[in-house]
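What follows is calculated from the coordinates using simple rules that are stated; it is not laboratory data. On a predicted model such as this, the values are computed, not experimentally measured, just so you know. Neighbour counts run over all protein chains shown; Cβ positions are idealised from the backbone, glycine included.
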Amino acid sequence: MPRTRAPRRGSMAYVRKRAKKEVPRIRYWPEVNVEHPIFLGFAGYKAGMLHAIVVDDRPNSPTYGSEIAVPVTVLDAPPMLVCAIRVYERTPYGLKTVGEAWMEDPPNSVRRRVKLPEKVDTETQLEKIEAAKDRICDVRIIAATRPDLIKSLPKKTSDLMEIKVGGKCSVEEKFEYAKSMLGKEFAAKDVFQEGQFVDVIAVTKGKGFAGVVKRFGVKIKHHKSRKSKREVGSIGPWHPPFVMRTVPRAGQLGYFRRTVYNLRILRIGEDGSEITPKGGFTHYGVIRGNYIMLSGSTPGPPKRLIRLRHPARAKWTPSSPPTIVQVVGL
């Protein structure tokens, strides 16, 4: 029989390395076409998945105008707290921190995460930042999640993350907006709109140590193969005299930081009972507050932190939110 040929299974386009922490870092923040200052990101906790019947409004879709079924992911997204302001200056070696100002009385859920003095002198910290206004090129906030508002999440410590303040305005306006929001809460509807696309950054489900068959999809060898069946046939040539990175090897599978581009927000609601199935979501429970419904799937298991940002490369901009006919599974 002729010899079968096929491309190498598995992809080396991704770094297969265990994530350092469950709160992923966002390394790139896109520009948004908004005249006023706006936060470019938000975060929630994954509750589960459902199905929705929506009217297809994609202009180039063959099912345009028809009702289609799409998988949806529901996030439990209570308001986030602006704990601090952090400003940066541009140097030949990249961005460098100029200073930061924390809120006066952070909650205990935040103090469990970061060490702060008993009395925070916010005014003095803000004065130091304002004295260096000419050097500031980027304004960001340190936001904290509110797990105390989620009864289904057995967690008492807030997750802290950095979110950029964007918009087509000056740095002074961004700083004043962040200053006015210091110590206050903001919701998902203050950052995103229903119908728009977002990028999802999260850590995938961890699966531990795995071999090359499960990790890269390497074909299992013949049962009479010498020494082993679930290994690669060769780990490389004599020269170069080392194992190249393109050779599939056993190692960590899952718990990787991954980015999913262009998931659409179908709905941003305030009453989680209208989207929670009978008996609650499997391995999560009942959503009682704000929620976000995304089209498609997101990385990670239930209760995993999911970060959202404005799209870095949106394919098209919807003119209106989608029409949801029915949510299946309630």
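Once Lys and Arg get +1 and Asp and Glu get -1 on their Cβ, which of Thr73, Val15, Leu308 lies farthest toward the positive end of the dipole of the chain? Comparing the listed Cα positions along the dipole, Val15 ranks first. Counting other Cβ atoms within 10 Å of each Cβ, which trypsin sites (Lys or Arg not before Pro) in the stretch 260-293 have at most 16 and sit in a DSSP loop? Hits after loop and neighbour filter: Lys278, Arg288. For the stretch 1-60, the list of trypsin sites (Lys or Arg not before Pro) that fall in a loop by DSSP and count at most 11 other C-beta atoms within 10 angstrom reads Arg3, Arg5, Lys17, Lys20, Lys21, Arg27. Close amide H contacts of Gly280 (hydrogens built in the peptide plane, cut-off under 5 Å, sequence separation of 5 or more or a different chain): none are found.
Put simply, when 320-329, 303-312, 233-242 are sorted by average Cβ atoms within 10 angstrom per residue, most first, you get 303-312, 320-329, 233-242. State which entries of Lys207/Lys227; Lys128/Lys156; Lys119/Lys179; Lys174/Lys303; Lys20/Lys229; Lys17/Lys115 exceed 23 angstrom in Cα-Cα distance in the structure shown. In this structure, Lys207/Lys227; Lys128/Lys156; Lys174/Lys303; Lys20/Lys229; Lys17/Lys115 exceed 23 Å between Cα atoms. Could you tell me whether the stretch 190-330 comes out rounded, prolate or oblate from its Cα gyration tensor? Rule is a ≥ b ≥ c as square roots of the eigenvalues, rounded for a/c under 1.5, then prolate if a/b exceeds b/c, otherwise oblate. Prolate, because a/c is 1.5 or more and a/b exceeds b/c.
One quarter of the surface of the convex hull around the alpha-carbon atoms of the stretch 31-95 equals 8.8 nm², the direction-averaged projected area. How far is helix 122-131 tilted off the main Cα axis of the chain, in degrees rounded to 10, range 0 to 90? Relative to the chain, helix 122-131 is tipped by roughly 80 degrees. Angle between the Cα long axis of helix 171-181 and the longest principal axis of the chain, 0 to 90 degrees, nearest 10? That works out to roughly 80 degrees.
Computed about its Cα centre, the charge dipole of the stretch 1-145 is approximately 1640 debye, with only Lys, Arg, Asp and Glu carrying charge at their Cβ. The phi-based Karplus calculation (6.51 cos²θ - 1.76 cosθ + 1.60; θ = phi - 60°) puts the 3J(HN,Hα) values of the stretch 78-83 at x, x, 9, 9, 7, 8 Hz, whole numbers, x for Gly and Pro.
Residues whose amide H falls under 5 Å from that of Gly236, counting only those 5 or more places apart or on a different chain, are absent, with hydrogens built in the peptide plane. Placing a pseudo-label 7 Å from each Cα along the Cα-to-Cβ vector at Lys207 and Lys128 gives an inter-label distance of 4.8 nm.
Once the chain from Arg27 to Thr282 is taken as fully extended at 0.36 nm per residue, the excess over their C-alpha distance is 88.6 nm.
With the cut-off at 1.5 for a/c, could you classify the stretch 249-314 from its C-alpha gyration tensor as rounded, prolate or oblate? Judged from the Cα gyration tensor, the stretch 249-314 comes out oblate (a/c at least 1.5, b/c at or above a/b). Across the options Leu182, Thr259, Gly211, the greatest Cα extent toward the positive end of the charge dipole of the stretch 133-292 (unit charges at beta carbon of Lys, Arg, Asp, Glu) belongs to Gly211.
Computed from backbone phi with θ = phi - 60° and the Karplus coefficients 6.51, -1.76 and 1.60, the 3J(HN,Hα) list for the stretch 315-323 is 6, 7, 10, x, 7, 8, x, x, 8 Hz; x is used for glycine and proline.
Using the Karplus relation 6.51 cos²θ - 1.76 cosθ + 1.60 with θ = phi - 60°, the per-residue 3J(HN,Hα) values for the stretch 95-107 come to 6, 10, 5, 8, x, 8, 10, 9, 5, 5, 10, x, x Hz, with x marking Gly and Pro. Based on Cα contacts under 8 Å between residues 6+ apart, the stretch 79-186 shows a relative contact order of 38 percent. The calculated Kirkwood hydrodynamic radius for the chain is 22.7 Å, given to one decimal from all distinct C-alpha pairs. The helix-based estimate of mean residue ellipticity at 222 nm for the chain, built from -39,500 (n - 2.57) per DSSP H run of four or more residues and divided by its residue count, is -2500 deg cm²/dmol to the nearest 500. For Lys315, go through the lysines and keep the ones whose alpha-carbon is under 27 Å away, minus same-chain ones fewer than eight residues off. Filter leaves Lys46, Lys164, Lys168, Lys189. Relative to the Cα centre, the charge distribution of the chain, modelled as +1 at Lys and Arg Cβ and -1 at Asp and Glu Cβ, gives a dipole magnitude of about 3460 debye. Here is the list for the stretch 26-97: chymotrypsin sites (Phe, Trp or Tyr not before Pro) lying in DSSP coil, each with at most 15 other C-beta atoms within 10 angstrom of its C-beta, are Tyr28, Tyr64, Tyr93. Toward the positive end of the charge dipole of the chain, with +1 on the Cβ of Lys and Arg and -1 on the Cβ of Asp and Glu, the farthest Cα among Ser297, Pro321, Thr145 is that of Ser297. Put a plus charge on the Cβ of each Lys and Arg, a minus charge on the Cβ of each Asp and Glu, and nothing anywhere else: the dipole of the stretch 87-155 about its Cα centre is then about 520 debye.
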